[in-house]
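Quick notes on the structure that follows.
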Amino acid sequence: MKLGIHDFSGLVPRELFTWSALPTLKGFVSIIVGGFLVGFGTAYAGGCTSGHAISGLADLQLSSLIAVVGFFAGGLIATHFLLPLFL
Amino acid sequence: MSNESTTEPTTQQRQRQSGIGLLAYPLLGVGFGIVLTKSEVVSWFRIQEMFRFQSPRMYEIIASAVAVAAASVAFIKKVGLKTISGEPITIPPKTLGNGVRYAVGGTIFGLGWALTGACPGPLFALVGDGVPVMIVAIVSALAGTWLYGVLRPKLPH
């Protein structure tokens, strides 16, 4: 799948994560909407990747396994259905 | 007199421990930030490769982190290791409930993870890695946790 990303250098695409990209649709969704969902989801799920995927799975907690399945379900939906809509 | 001499060292000890503790947090945090950056876990591209199943890299990193954490947890429990401030290290079990908060909250987190290409730790590491606009994502994430706090009584858990 071809997205509108052309610069593959560095840790993040410069087309999305700069101050000048912030007011654009793709910048707004990547930075503000994405950040908001990370914060809301972490609080609701009671943990993030390190809390659930690493510490929780290492402690064999069922709730962490459910959360990690959720992480990947959400990630796959966003990657394959949401990103192509605005990139 | 004798009472003073017995209480004095423990107060000093406590102060020394909290001094070490104050140093340990930033040192471990700096170490975590370096690991996140050097392993490229903070990279939007690596996260995309993971969700597109184009590279085993992220899966290998997560698997090795879980293996090391599991061994650490087992060691800590066996030896009864204490924290720097002398408290026992315990990982409180999460209350499962009906599991809705983990499934729904986890899915919402996952949507954000793929959109920003970063989870909470990397959001902060990326600011130091030269992506200052991530400060806006951090503020937005804080707004998300705030909204959760407001909606919490109405949400299924």
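Only one of the numbered conditions (1) more than 7 Å from chain B (Cβ to nearest Cβ); (2) hydrophobic (A, V, I, L, M, F, W, C); (3) closer than 22 Å to B:Gln54 by Cα; (4) buried (at least 18 other Cβ atoms within 10 Å of the Cβ) is not met by A:Leu11, and that is (1). Against the list (1) over 27 Å from B:Gly128 (Cα atoms); (2) facing chain B (nearest Cβ under 8 Å); (3) not hydrophobic (A, V, I, L, M, F, W, C), the condition A:Pro84 fails is (2). Inspection of the stretch A:22-31 identifies at least one residue that is touching a Gly at 6+ places or on another chain (Cβ under 8 Å), in a helix (DSSP H, G or I), at the interface with chain B (Cβ under 7 Å from one of its Cβ atoms) and without any contact (Cβ under 8 Å) to a residue 40 or more places away in the chain. Any residue in the stretch B:33-53 that is facing another protein chain (nearest Cβ under 9 Å) sitting within a Cβ distance under 8 Å of a residue that is basic (Lys, Arg)? List the pairs, counting only those 6 or more apart or interchain. Matching pairs, first to second residue: B:Glu40/B:Arg46; B:Glu40/B:Arg57; B:Arg46/B:Arg57; B:Met50/B:Arg57.
Filter the stretch B:107-122 down to the residues that are in a helix (DSSP H, G or I), within 7 Å of chain A (Cβ to nearest Cβ), in contact with a Ser or Thr (Cβ under 9 Å, 6 or more places away or on another chain) and farther than 21 Å from A:Leu25 by Cβ and list them by number. The answer is B:Phe109, B:Pro120, B:Gly121.
Per the conditions (1) within 14 Å of the chain's Cα centre (by Cα); (2) more than 7 Å from chain B (Cβ to nearest Cβ); (3) surrounded by fewer than 19 Cβ atoms within 10 Å (Cβ to Cβ), the sole criterion not satisfied by A:Leu16 is (3).
Every read-out reported here was derived from the displayed coordinates using simple, explicitly stated rules and does not represent laboratory data. Please read these numbers as outputs of a predicted model, since none were measured by experiment. Counting neighbours? That spans all protein chains shown, and the Cβs are built from the backbone with ideal geometry, glycine included.
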